[in-house]
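Structure first, then comments.
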Amino acid sequence: MRKKSTTAALNFNTKWSYSPAPESTDHVQIKEKYDLFINGKFVKPSGGKYFDTINPATEKKVSSIALASSADVDKAVKAARNAYKQVWKDMPASERGKYLYRIARIIQEKARELAVIETLDGGKSIRESRDIDIPLAAAHFFYYAGWADKLEFAFPGRKAQSIGVCGQIIPWNFPLLMAAWKIAPALAAGNTVVLKPAETTSLTALKLAEIIQEAGLPAGVVNIITGAGPTGAALVQHPDVNKIAFTGSTDIGRLIQKSLAGTDKKYTLELGGKAANIIFEDAAIDQAVEGIVNGIFFNQGHVCCAGSRLFVQEGVAKEVIKKLKDRISTLIVGDPMDKNTDIGAINSKEQLNKIKSLVKIGINEGGECWQADCEVPSKGFWFRPTLFTNVAQSSKIVQEEIFGPVLTIQTFRTVEEAIEKANNTPYGLSGGVWSDKGAKVFKVSSKIKAGVIWANTYNKFDPTSPFGGFKESGVGREGGLHGLSPYVKFN
Ligand code: NAI
Ligand code: MG
């Protein structure tokens, strides 16, 4: 007979904590002001305007960033066109590959500096930028460097050709990593690029521009222009761009798709998500709880594939929710530069306001809201890890992407019910299934309409693996061989 446990209930609400373990910033070089990177050089914006980028954990200014006007966009596209025609398109593919390898290696050499800048500018924890963002960015360059001279094996029996100048627009949640996802396959396939980072997190893209200079990449092959929505729109509308690659919100994705209708520009859109993370009764519950935490609280929940809708089978719901609350109570929220921190700062005030307003709607609609009672710093943008129970399929917080550390929890009884509920969303980017039964995992994952499904794990990324969505989560794939095809054409 099993002995009854005599252990007292765990109390996480104590003042006991880790000693601070801040990452040093001594080795980091951030200029006071960054110009636009066009034709291999940093050049002043034609309108002479700059905007501030701040550290969301302190609200202090980090640097000034050039604001590119449509005249600058035009200059960058011209530089990319010239580089395409004059050097890049006809360069032996193995030479193109060498540049990509070189960029990958310099990213590795500067990994520490890049990680610190990513964290200072965007608010994500140093542990994540150091262990995930930067190594994966280098891995993408390494991976696509390998394809550069093997396109005939990538597309056997067909002659893959480059498409020309690619306009690429990226979001603020994984700044350097998204730049790598976009630039590496484009260059490997022989295209040139104009990239626009998001306005709150331009710094690592500009550091990448310095790395590109150091690697000796021919001028104009990669151009990096900074600014907000209007700069991105000017790039999308530029008549001499052959392809647009966009990652960001579904609303802007829709706008872009509309403005591209009737042109012969190719496009890929990597948009929002509202993934179901499904826990069956036969799952390893402790591991599943870790997976739920990783699924929704990774990068403060600013993740398009976040497991933001939790579905737990009724028989284990009580246990899962209790264990989840216990686990969440141990998460350290605060200074992103501290190596102990699990959850850093929300990327911007706008994003914080969006999260707050959706949470308020959730409460007004009758959802039961639970928050970790951790302390958060007084300056900066913070949001405590949050759970919602007593929500319905029709609840706004179950339907809309919150893009923050907020999880909705629903229960189900049968496999069919789980599938039905998981698919009841306009999105289709990702999902998670937790079960001890392989057959069940295969059945459920094949019936869920999403580009990526993780089984008994969550948020795992690899450059060899394609990523992308169905339905309102977008079109096209990035990563892997699939990520090369949007950058080539066949005659
Ligand atoms: P956004 O979609 O406005 O921004 C993404 C990128 O697009 C940025 O570089 C931005 O400057 C650019 N952009 C904005 N308007 C544009 C236009 N008209 N034409 C071309 N480029 C344009 O996303 P935002 O406003 O930063 O975040 C709003 C919401 O979008 C978030 O709360 C989140 O729900 C969602 N989002 C989703 C992402 C995802 O990966 N699924 C990434 C970023 C945001
Ligand atoms: Mg910033």
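The values are calculated or read from the model by the stated rules, or taken from the named source; none is laboratory data. The model shown is predicted, which means the values in this text are computed figures rather than measured ones. Neighbour counts are summed over all protein chains in view; Cβ atoms, including those assigned to glycine, are modelled from backbone coordinates with ideal geometry. Side chains included, ligands, DNA and RNA excluded: accessible areas come from the protein's heavy atoms. Shrake-Rupley method; radii C 1.70, N 1.55, O 1.52, S 1.80 Å.
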Query - Scan of the stretch 25-39 for residues that are within 27 Å of the chain's Cα centre (by Cα) and either without any contact (Cβ under 8 Å) to a residue 40 or more places away in the chain or surrounded by 17 or more Cβ atoms within 10 Å (Cβ to Cβ) (or both), ordered by number - result: ILE30, LYS31, GLU32, LYS33, TYR34, ASP35, LEU36, PHE37, ILE38
Query raised in the report: Only one of GLY301, GLY344 is in contact (Cβ under 8 Å) with a residue 12 or more places away in the chain and either out of contact with any helix residue (DSSP H, G or I) (no Cβ under 8 Å at 6 or more places or on another chain) or within 16 Å of ligand 1 (Cβ to nearest atom) (or both); which?
Result: GLY301
**Report entry** Condition check for THR330: in contact with a strand residue (DSSP E or B) (Cβ under 8 Å, 6 or more places away or on another chain) and among the hydroxyl-bearing types (Ser, Thr, Tyr)
**Finding:** no
**Report entry** Scope the stretch 51-88; condition over 28 Å from the mean Cα position of the chain (by Cα), farther than 17 Å from LEU36 by Cβ and open to solvent by less than 10 Å² (accessible area, probe 1.4 Å); matching residues
**Finding:** TRP88
Requested in this report: Please give the number of the condition ASP286 fails out of (1) within 18 Å of THR457 (Cβ to Cβ); (2) surrounded by 23 or more Cβ atoms within 10 Å (Cβ to Cβ).
Outcome: (2)
Requested in this report: Kindly provide the set of residues from the stretch 110-145 that are open to solvent by 10 Å² or more (accessible area, probe 1.4 Å), more than 16 Å from ligand 1 (Cβ to nearest atom) and more than 20 Å from ASN347 (Cα to Cα), ordered by number.
Outcome: LYS110, ALA111, ARG112, PRO135, ALA139, PHE142, TYR143
Report summary line: Here the qualifying pairs (Cβ atoms under 9 Å; residues six or more apart or on different chains; first in the stretch 245-265 and surrounded by 16 or more Cβ atoms within 10 Å (Cβ to Cβ) and basic (Lys, Arg); second part of a helix (DSSP H, G or I) and modelled with pLDDT of 95 or more) come out as LYS265/VAL236
Report summary line: LYS159 passes all but one of the listed conditions (1) touching a Phe, Trp or Tyr at 6+ places or on another chain (Cβ under 9 Å); (2) charged (D, E, K, R); (3) closer than 21 Å to LYS196 by Cα; the exception is number (3)
Query - Members of the stretch 40-50 that are part of a loop (DSSP other than H, G, I, E, B), of a type outside the set (Gly, Ala, Ser) and open to solvent by 50 Å² or more (accessible area, probe 1.4 Å) - result: LYS44, LYS49
Requested in this report: Please find, within the stretch 330-384, the residue that is farthest from THR25 (Cα to Cα) out of those that are of a type in the set (S, T, N, Q) and assigned to a loop (DSSP other than H, G, I, E, B).
Outcome: THR330
Query raised in the report: Got a sec? Which of ILE54, ILE38, ILE103, ILE134 is of a type in the set (A, V, I, L, M), within 16 Å of ligand 2 (Cβ to nearest atom) and modelled with pLDDT of 95 or more?
Result: ILE54
Report task. Scan the stretch 221-263 for residues that are more than 20 Å from ILE183 (Cβ to Cβ) and more than 9 Å from ligand 1 (Cβ to nearest atom) and jot them down. Result -> PRO239, ARG254, GLN257, LYS258, LEU260, ALA261, GLY262, THR263
Report task. Give GLU290, GLU281 a once-over and let me know the one that is part of a helix (DSSP H, G or I) and away from ligand 2 (no atom under 16 Å from the Cβ). Result -> GLU290
